[in-house]
Each structure stands twice: as C-alpha cells, then as structure tokens.
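Readers should treat all values here as calculations from the given coordinates under stated rules, not as data from a laboratory. From a predicted model like this one, the values you see are computed outputs, not experimental measurements. Methodologically, a virtual Cβ is constructed for each residue, glycine included, from the backbone with ideal geometry; neighbour enumeration extends over all protein chains shown.
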Amino acid sequence: MDWNSIWHFIFGRLTMQAFVHDPIMAGAGIMEIVALVVAIGLVTYLKKWRYLWKNWFTSLDPKKIGIMYFIVAAVMLLRGGIDALMIKAQQSTATADAFLSPDHFQQIFSAHGTIMIFFVAMAMIFAMFNLLVPPQIGSRDVAFPLLNSISFWLFAAGMVIVNAPLIVGEFSNAGWLAYPPLSELQYNPGTGVDYWIWALQIAGIGSLLSGINFFTTILKMRTKGMKMMKMPIFVWSVLGTTSLIMAVFPILTVTLALLALDRTLGTNFFTSYNGGNPMMYVNLIWAWGHPEVYILVLPAFGAFSEIVATFSRKKLFGYTSMVWALIAITFLSFTVWLHHFFTMGAGADVNTVFGIMTMIIAIPTGVKVFNWIFTMYRGRVRFTTPMLWFMGFVVTFAIGGSTGVMLSVPPANFQFHNSLFLVAHFHNMIIGGVLFGVFAAITYWWPKFTGFYLNEKIGRYAFIFWLSGFVLAFAPLYILGFMGAVRRLDHYDPSLGWQGLFIVSGVGVLLIGIGVALQIFQVIVSVLQRKKNPAPADAWDGRTLEWSMSSPPKEYNFAVLPEVTTRDAFWEQKLAMKRHAPEPVKYQDIRLPKPSFIGPLIGGLSMVFGMAVVWHVIWAILVSLVAIIVVLMVRLLRDHDEQVISAAKVEKMEAAL
Amino acid sequence: MSETVMEMDIIRQERQEVANRKTLGFWIYLMTDVVLFSSLFATFAVLRNAVASGPSGQDLFSMPFVLGETLVLLTSTFTIGMAVVLAKRGFKIAALFNLLLTFGLGVAFLVMELTEFTEFVHEGASWQTSAFLSSFFALVATHGLHVAFGLLWMLGLGIKMIRRWGKETDLGRLALLGTFWHFLDIIWIFIFTFVYMIGVLG
C-alpha cells in the first residue's frame, strides 16, 4: 500500500486541489467560513449550545421547527441574493472584460436557481406549514412529530451540501435542473453535478415526508366540528400543496437517482449513446417541476386569502369557489409539464393539448384574483404592510400570468423559448407570487409567534424598494427577450445594443438589495423596540383560530381544544362572547411528545452520506448508511415518549396571561 | 376514582387515534411509493427497445425461473397474511412460525433475483450495456431493495415480538408490515407482466 492509495481509501477523490479556487470564489468561501466561525463563536461565547440543543435542535414542537425553517430560509435568501447580484454585475458589464469566468458564472446561476427554489421558497412554505397548520385546525401538534423533525434535519443536511462547494470542490454548472447530457459524467466529470444531485435528493426526501405528515395532519387532527368546508382557506391550500408534494416528489427522487446512477455506476438512462434518452430526463424532471411551482405558490395564495379577509374586515368572498379553484389548480398542474419544452418536437397535436391545458389554468387562478379583489370591495380596508405586499402581488402576478399565457401558445413559444422573456415571466410569478406572499405572511403572523409587531414604517419602505426594484429588474428582461437575448448569458456583443437595458435591470436588483437590507434593519429595530410594540393575542382583529392562542403561543397551543361550528371560527367566537360571558373552563392533563435527538442524528448522518457519495468515499457511505438504518430500526420499534403537562400547571400558565 | 377512569379513557382514546393516524400515514406513504415505481415503469417503457447493440429481453429472460421467483413471493404473501391473522388471535407459536416462513421465502426470493442478475452480468448484459438494461436493473433492483428493507424490518420486529409477546403496538406494526409486503407483491405482479412476459413476447 502506497501513500496514494491510502489517501484514496480515506478521502475518495478529495484532494488538496479541491480547496483551491480562483480569487472571487475563494473570497466567497472565506466569507462563508468567517460567517460560520462567527456564528459558532457567538453561541459558544454566550454559552448557548445546551439551550439550543435542548430547546431547539431536538424539539418536536412544530412552532420551533417552523422558526428554524424560517431562519435557514432567510440566510439562504441572502446567499441566493448575492448570487443574483453577481449575475447582474456580470451582465451589465459583459461587453468589455467580464469579471467572472464563464465556468464560475454558470455555477452562480445554477446555485442561484437551486438555492432560491429548494432552500428559500420550499423552506418558507414549510415554515408556514409548521407554524400555521396545527393552530388553524385547532390542534396541538402534527400527526407525526418525530418525522417532522427528521424532515427538517434532512432539509438542513441538503442545505449544508449545497453550500459546501464554496469551500471544497465546485458546484454544478448545468443550470438549476441539470439537463443531460451536459450533466452526464462525459461533460461534467467534477463534483459539481453530484453536489447538486445529493443536496436535492436529501432535502427532497425531507419534503416528501413533510408532505405526508401535513396531509395526514389535516385529514386526521382537525378539532371538533371543523368539517372540511369550515377549514381556513390557508389549510385548504396546504392540503392542495401536500397532495402535489406526495404525487410528484417521488418522481424527483427517481429522476435524481437515475442521473446519479448514470454518473456513478455507468448506466445509460440519459446518456447520448447506448440507447440513452436525454429527453426522458427532461420529461421526468418537469413532471415534477411544473407541479413544484404550484407547490410553492398555493400556500402563498392561502396566506393572501387570510390576509385580505382580515384587513378588509370581511369574510373571504366566494369561499367555495376558492376551494374549487385550488382543487382545479392542483389537478391541472399535472397536465401541463410539456409546455416547458414545446421545442422538443413532440408534434403539433401534443403541443396543442399542452398549450390549451396551460391556458385553462389561468381560469381558476383568475377566479382567485377576482375573489380577493371582491373581498376588498366595500370592505373597511386597512392598508397595513401585508396589504401593500398583497396589492403589489396582484399587479405583478397579473402581468406574470398574462406573459405566461403568451408563453403557452406553442408557435410563439418557439420564439420565447430559453429567452430572457421566459426568465422575466417566472421571476414575475415566483417573486411577485411566492416571495411577496411569504413577506406578507411574515409581517402578518410575526406578532403571533413573537409577541410584538414588526416596525410598519420600515416595512413600507422595504416594500417600496422591493416593488420598484422588481419592476426595474424584470421589465427590461421582457424587452431584451424580444430583442433575442437568451438566458444564462455571460457575455454579448456591444453592437447588439443590449447593455443599457441590462444596466437598468442591474440597478433594479440593487434596489431589491436595499429592500432586503431594510427588511433586516426592520427586524433588528423591531426586536430592540419590542417593549414599545407589544402585540395582544388577537393582533390584527383576526378571524381564524390561531389568533385565539396567546402571543407567543404556549407549547400546547390551546389549553382547551376549541370547538368549531362555522368558518372564521375565531371571529364567530368573538361575536358570541359579546353576547354572553364565556363559561368557566375545566383543564385536563396535556400530553406532548418529548424532545428527541433522532432528527439531528439522521440529518447529520445523511449529510455525511451525501458528502461521501459526492467524494466517492466508500467506507463513509457504508458506515453512514448502516447507521441510518440501525437508528431508524431502533426508533421504529420503540413506543412513544411523552411528557405530561398537568392540569394544575396548565391552569397556572393560563392564569398568568 | 372516576377521575382516573376518565383519564384512562382519554389516554386510550388518544392512543387509538395515534394508531389510526399511523395506518393512514403508512397507506399514504405506500401511495407515494406507487408514484416512485410508476416513474421507473415509465422509464422502462420508454427505454425497453433501446437495446443498443446488447441483448433484448427475449434473449435474456428465462420464464420458468421467473415463474419460480413469482411463486416464492406469492407464497410469502400468504404466509405473512397468516402471521398477521394468527398474531391478532393470540397464537404466538403459529404466528411466529409463519413470520419465519415469510422471512425464509423473502430471502429465497432475493437470492434468486441476485442469481439472475449475476447470470446476466456474466453473459455480458450488465446495467452499462444498454439503456434497456439500465432501466431493467433499476426497476427490478428497486423492488428488490424494498424486499430487503422489508426483511430487515421483519427481523427486528420478529425479535421484539419473541421478547415481548402480546403488545398492542407490535400487532399494529405487524399489520403495517403485512400491508407493505402485499404491496411489494402487487408491484412484482406488474414487473412480471410488463417486464418479463411482454419482454419475452418481444
């Protein structure tokens, strides 16, 4: 045994070379290391490790898991945002000497897309599920609390893997969906695509488990009297989203697994030889990918529905049609995946069917938009920050929806395909739809889970910068798309006359950057001034059950589980309370799951597994895999651990409010 | 006194609800597994004629052998059904014996499958040979992996049941394992039909 083979056995294909990057990449890596060291140092200095481990990392309380999702998503939003800034800086200056190498530029846009979809948008919606679903259905917990923790830690493991290439190795340069044959070993022998595959695979399995968990929660754990058609509309949107997750994430799992097999065991699924079929990959990934965009946007729709009703002080207009629109979108979203590649050459008939199905989705979506507007009509509208986000959303989403219908026309699509017109369209939907929805939701539900309001004034400024920056950043892309600029462009000829519009777009992204900075500032100011802006339990004169919990809620949510007779259950409770005084309540023991270290353990082992597969470290793959199986087996065969909060203690805690 | 009785009732009711939830959740998981296998079947359907210069299903598959595999798996689905029913009625020895039979048949099935795989590879038909064989191995081996996982589960649960016979929660687990096993059987029927039978017909 020589030194080389020992090294190879221990570290796989990892070499010192993997740590060497060009100056700009190295800068990013150093920034990441510094951030990590500062975070770890701070926790150590404040002696908070025990507290974090006991109260957060091992917690099975969905409220805490939701907050952890949110924090990770916020950090990842900054990471993806820096990527966006670099893309724009490159494109605004790309006629002269571009400052990024083509390969680095490709890694940046691949990372930007991957991180924004999987580790920001998905994480934000899971944060919302965890925080809102149990209280809105009048429940104390989710159906499978430990599974919920495992889901989060799988997601966290994926997050670590997707950020690792800044320090060691390289990230995928094959775009956010890594089309083969470019993503095959032949053209991409490095670690990049493997990092991409395993980050998504591990996080994706977490998402699938969450989907199963929340679907079961909604079906099985609604409080007494809450029939399906009495659920808050946000819960309906989660039901739609989780149905989609369960139906399509297995497809993603298979697709990624097959690509990984091609790359590691030399199979021929998507290669360009031995009968491999790259278009099979494109079909599979979009059979997941199209429903995925609805997975992201449905919860945003749900959140807006709650927000509009509350701030218009009216019940939601057309509840039943809202529900059916959600169900229609859920089903239709399976029937349109081919519109992502009309240019495949499936023929006029196939393209026509998918084009028409795509246009049909505009109908239920339109129903929802009009319902929101009719909810505002003759309402006593309070123009708070969440409502500003809502109105920004309606406008941008309508524009994005219209350009979506333009894209759905197959002959026209041959012109738009892969152009910046498309890029502008989907940013319109995902920023204007998902992200604005998430921001509105954060502002709206913040007081519920912290006990104080976010600063309204700074929030408004943040909104103004976000909206104007957004228009400035993406309106030029529509025009550039018509002028023939394609996506993922790292340089272009100055004679094309594109640079002016690219610079305008870059300025727009800078404005968005100011908006983000203001949001961070808003959170800091609000935390510092929390004594000045305390939020009561019913912070906005709300309509749904979560507003009947204390702010922040106790770990058991409700001391006595509420009984429901109507929609907008809390609103009706308030009206009833005005008529006659509430009866004295009788408390009972409350049983909740004990904290468990299984979640972080499985997450940690999965992270080791992912990194080991990327670097071909055989022994670590086997060890982590066996360890995961053993941990699961031991845990699955054990009975539940519970902690009891006695009735007397509940009474004391409630009296202290 | 009545306080405690009431409390016990509530606990029992909560336990029952947890068990119901688990059953529903497990069924939903099985449905997601259906989607997983569907994707693999779809991939196989698209790639089954992409034999490149390698052998086709007609050249490779030996139907008597596959029929043998099928019968072994079908018998095991009967024995696990017996194990679930017998355990529910409290027949310890008979139930555990049937579980052991199931385990043996499961192992036999896996051994047969691996024998077939090795034979193919020796004949120069590995997963690298053609897209058809890639999709064949991926689909059939994914089923095999599920069987292997089921066997591990059976082993763990069997040992637990010998050591602490009569626990309500273990009966629930055994029922879920039975469901899982039947599910794998159904998947195998589809593999038998769409991969082997249609493959031999060409």
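For the reader, a short list of remarks on this structure follows.
- Eligible lysines near residue A:64 by straight Cα distance, threshold 24 Å, same-chain separation 8 or greater: A:47, A:48, A:54, A:220, A:448, A:531, A:554, A:594, A:649, A:652, B:22
- Size of electric dipole in the stretch B:68-198: Cβ of Lys, Arg +1 and of Asp, Glu -1, about Cα centre, debye, nearest 20: 940 debye
- Among the residues of B:24-33, the average count of other protein chain beta-carbon atoms within 10 Å of the residue beta-carbon is 5.
- Length gained on full extension, residue A:228 to residue A:457: 78.6 nm, using 0.36 nm per residue less the C-alpha separation.
- When you filter the trypsin sites (Lys or Arg not before Pro) in the stretch B:149-202 for DSSP loop state and at most 15 other Cβ atoms inside 10 Å of their Cβ, you are left with B:164, B:167.
- The per residue volume of the convex hull around the alpha-carbon atoms of chain A is 169 Å³.
- CD proxy at 222 nm, helix term only [per DSSP H run n ≥ 4: -39500 (n - 2.57); per residue of chain A; nearest 500]: -22000 deg cm²/dmol
- Relative contact order [Cα under 8 Å, 6+ residues apart], chain A, whole percent: 18 percent
- Neighbouring partner chain Cβ atoms per residue of A:211-223, average, 10 Å criterion: 3
- The chymotrypsin sites (Phe, Trp or Tyr not before Pro) of the stretch B:134-202 that DSSP puts in a loop, and whose beta carbon has at most 15 other beta carbons within 10 Å, are B:165.
- Inter-site label distance for residue A:356 and residue A:631 at 7 Å from Cα along Cβ, in nm: 5.2 nm
- The ranking of A:443, A:255 from fewest to most other beta carbons within 10 Å of each one's beta carbon is A:443, A:255.
- Loop sites in the stretch A:41-131: trypsin sites (Lys or Arg not before Pro), DSSP, at most 13 other Cβ within 10 Å: A:47, A:48
- Within 10 Å of the Cβ of each residue in A:263-276, the mean number of Cβ atoms contributed by other protein chains is 6.
- The distance between label points at residue A:495 and residue A:82 comes to 3.9 nm (points 7 Å beyond Cα on the Cα→Cβ vector).
- Virtual paramagnetic centre 7 Å along Cα→Cβ of residue A:644, amide N under 18 Å, in the stretch A:591-611: A:591-595
- If you plug the beta carbon distance of residue A:348 and residue A:415 into 1/(1 + (r/R0)^6) with R0 = 22 Å, you get a FRET efficiency near 0.85.
- Among A:377, A:319, A:69, sorting on how many other beta-carbon atoms sit within 10 Å of each Cβ, with the fewest leading, yields A:377, A:319, A:69.
- Ordering of A:419-429, A:324-334 by packing [mean C-beta count within 10 Å, highest first]: A:419-429, A:324-334
- With a cut-off of 17 Å on the backbone N, the residues of the stretch A:622-657 near the modelled label site 7 Å out from residue B:17 along Cα-Cβ are A:640-647.
- The label-point distance for residue B:94 and residue A:273, in a model that sets each label 7 Å from Cα toward Cβ, rounds to 6.2 nm.
- Taking the fewest neighbouring Cβ atoms within 10 Å as the starting point, the ordered list for A:551, A:596, A:101 is A:101, A:596, A:551.
- Highest to lowest packing among B:46-59, A:127-140, scored as the average C-beta count within 10 Å: A:127-140, B:46-59
- With a Förster radius of 60 Å applied to the beta-carbon distance between residue A:24 and residue B:5, the computed FRET efficiency rounds to 0.25.
- Candidates A:350, A:476, A:435 compared by Cα position along the dipole of the protein assembly as shown: farthest toward the positive end lies A:435, with charges placed on Cβ.
- Treating r as the C-beta distance of residue A:7 and residue A:49 and R0 as 30 Å, the FRET efficiency rounds to 0.35.
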